[in-house]
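Asks: Below: one structure in structure tokens.
The values are calculated or read from the model by the stated rules, or taken from the named source; none is laboratory data. No experiment lies behind these values; they were computed from the predicted model shown. All Cβ positions, even for glycine, are placed from backbone atoms using ideal geometry, and neighbour counts span all protein chains on display. Surface areas here come from the heavy atoms of the whole protein model, side chains and all, with no ligands, DNA or RNA. Shrake-Rupley method; radii C 1.70, N 1.55, O 1.52, S 1.80 Å.
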Amino acid sequence: MALDIDRIRDETPGCAHVLHLNAAGSSLPSRRTLDATIDHLRLEAEIGGYEAADRARPVLDGFYPSIATLIGAEPGEIAYVENATRAWDLAFYSLDFKPGDRILTCVSEYSSNYISYLQVAKKTGAEIVVIPDDKHGQIDLAALERAIDKRTKLVSISHIPTQGGLVQPAEAVGKIVNDAGILYLLDACQSVGMMPVDVKKIGCDFLSATGRKYMRGPRGTGFLYARQRSTAQIEPIFLDNHAARWSGDNDYTVMPDAKRFENWERYFAGVIGLKVAADQCNELGMPAIWARLRELADGLRTRLATVKGVTLTDLGVTKGAIVTFAVDGKDHPALKQALRDQRINVSVSTQFSSRLDLKGRGLKDVMRASVHVYNTEEELDRFVAALRPLVAG
Ligand SMILES: *Cc1c(COP(=O)(O)O)cnc(C)c1O
């Protein structure tokens with residue numbers, strides 16, 4: 001079913017103020033999400049934080065089934081974590097790497113993840129193997145298959161990179177990795193909320209995501225999925241009195257489900273906001289959202305292709321909602337600022353976030369315009385009209 005865009009815009013307060021093409025940075029939340037978050041902050045102030053949590057218990061407990069529904073998981077496989085990086089860290093740093101163990105990743109990998117590979121490699125003697133891209137700029141599946149050997153402990157990739165429209169073939173990767181009986185960690189920070197993500201179809205053991213990007217949740221929220229069947233024996237790198245029980249004077253018992261990756265204190269208003277945001281994704285339907293976002297993004301690429309001096313830089317066979325481009329002879333951060341001055345929000349992706357990919361392509365940085373359901377064709381026209389003189393000037 002097609003989305004009611006007018007209604008979505010009416011229910012998104014930010015639409016009245018900005019032309020927001022920065023969903024990949026942080027998207028505009030709906031009023032419902034905003035109200036749910038603020039109402040809980042207010043309740044905390046009025047009756048006390050613990051008392052507010054008690055009163056909101058059904059909603060807080062509802063976080064797990066709502067997220068589980070969104071990604072095809074079981075509620076017990078979901079941990080609330082304050083952002084995608086920490087969620088990813090909790091999975092990655094809980095693995096026990098030995099000298100010679102191999103970590104396979106992809107060219108488009110996110111900088112924070114890669115820094116963690118480097119740190120663990122330095123500490124443990126594990127090795128990092130970057131699987132090359134195929135001719136479409138996606139991970140080369142045949143090369144991945146060839147690279148897997150007895151020493152391979154983990155395949156870890158980002159589903160959709162921060163720096164472009166690329167959608168990695170996560171499901172095909174999963175098939176190869178599962179057949180080999182290796183652990184599969186998927187950074188789904190940009191894909192959850194953008195496209196249908198089904199952990200059972202993908203076959204990942206861990207998946208990390210953030211609230212504020214395509215889910216349209218509050219900042220400072222995220223989650224980790226840990227497949228029960230394959231990760232139950234993995235003890236988290238951190239334990240506290242929420243992740244484990246102090247069951248004897250010299251003993252503790254780790255929570256049997258994904259709650260073992262959580263910790264006790266959290267941004268409760270954020271949990272509620274993210275739950276509501278996930279419910280909205282489920283209600284609108286991820287297939288409908290994905291269809292609309294691809295329509296908008298393809299429309300934007302088509303428009304940008306008509307601007308002299310603009311080169312589109314998105315890779316991959318299926319392109320998602322993140323549109324990137326380079327402008328001949330222009331300073332991208334200055335362009336971003338000039339647009340910001342007109343209340344048009346875009347961002348710039350630099351080698352800071354993906355060194356291998358952008359450096360490998362000889363790109364210092366790229367302009368990034370990332371669409372969401374509240375954007376319209378009229379806005380895309382307005383954006384390109386604002387860009388034209390800046391590119392020519
Ligand atoms: C934004 C991003 C992250 C980091 O997410 P945080 O919520 O900021 O920790 C990780 N991976 C990718 C691909 C991202 O785009």
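Asks: Using modelled amide H (1.01 Å from N, peptide plane; none on Pro or chain starts), what sits under 5 Å from the amide H of V307, excluding residues fewer than 5 places away?
Replies: none
Asks: Here's something else I'd like to know. Set the Förster radius R0 to 41 Å, insert the Cβ-Cβ distance between E235 and A392 as r into 1/(1 + (r/R0)^6), and round the FRET efficiency to 0.05.
Replies: 0.10
Asks: On to the next question. Out of the total accessible area of the range 32-283 (probe 1.4 Å, heavy atoms of protein only), what percent is carbon and sulfur?
Replies: Result for the range 32-283: 53 percent of the exposed heavy-atom area is carbon or sulfur.
Asks: Which value in nm describes the separation of the simple spin-label points at I115 and E145, placed 7 Å from the Cα toward the beta carbon?
Replies: 3.6 nm
Asks: If you average the C-alpha positions of the range 291-305 and of the range 351-368 separately, how far apart do those two centres end up, in angstrom?
Replies: Taking the Cα centre of each part, the range 291-305 and the range 351-368 sit 22 Å apart.
Asks: Using θ = phi - 60° and the Karplus curve 6.51 cos²θ - 1.76 cosθ + 1.60, what whole-Hz ³J(HN,Hα) does each residue of the range 376-392 get, with Gly and Pro shown as x?
Replies: So the Karplus estimates, Gly and Pro as x, are 10, 4, 4, 5, 5, 4, 5, 4, 5, 5, 6, 6, 3, x, 5, 6, 7 Hz.
Asks: Show that you can apply the helix-only estimate: for the chain, add -39,500 (n - 2.57) for every DSSP H stretch of four or more residues, divide by all residues, and state [θ] at 222 nm to the nearest 500.
Replies: One gets -12000 deg cm²/dmol as the mean residue ellipticity at 222 nm.
Asks: Quick check for me: using +1 on Lys/Arg Cβ and -1 on Asp/Glu Cβ, what's the dipole size of the range 32-283 about its Cα centre, in debye to the nearest 20?
Replies: 460 debye
Asks: Cβ neighbours within 10 Å, averaged per peptide: list 154-162, 124-132, 22-30, 286-294 in order, most packed at the top.
Replies: With the highest mean Cβ count within 10 Å placed first, the list reads 154-162, 22-30, 286-294, 124-132.
Asks: Among DSSP bridges having both ends in the range 32-283, what percentage is antiparallel? Round to the nearest 5.
Replies: Taking every DSSP beta bridge with both residues in the range 32-283, the antiparallel ones total about 45 percent.
Asks: Averaged per residue, what accessible area in Å² does the chain show with a 1.4 Å probe, protein chains only?
Replies: So the chain comes to 43 Å² accessible per residue, rounded to a whole number.
Asks: I'd like the trypsin sites (Lys or Arg not before Pro) in the range 145-226 restricted to DSSP loop residues with at most 10 other Cβ atoms within 10 Å, sorted by number.
Replies: Taking the range 145-226 and a limit of 10 other Cβ atoms within 10 Å, the loop trypsin sites (Lys or Arg not before Pro) found are K150.
Asks: So if I take the centroid of the Cα atoms in the range 54-83 and the same for the range 223-240, what is the distance between those two points in Å?
Replies: Rounded to whole Å, the Cα centres lie 15 Å apart.
Asks: So which GluC sites (Glu not before Pro) in the range 260-319 are both in a DSSP loop and have at most 13 other Cβ atoms within 10 Å of their Cβ?
Replies: The qualifying sites are E265.
Asks: Test of understanding: what is the full-extension gain from I5 to D251, defined as 0.36 nm times their sequence separation minus their Cα-Cα distance?
Replies: 83.0 nm
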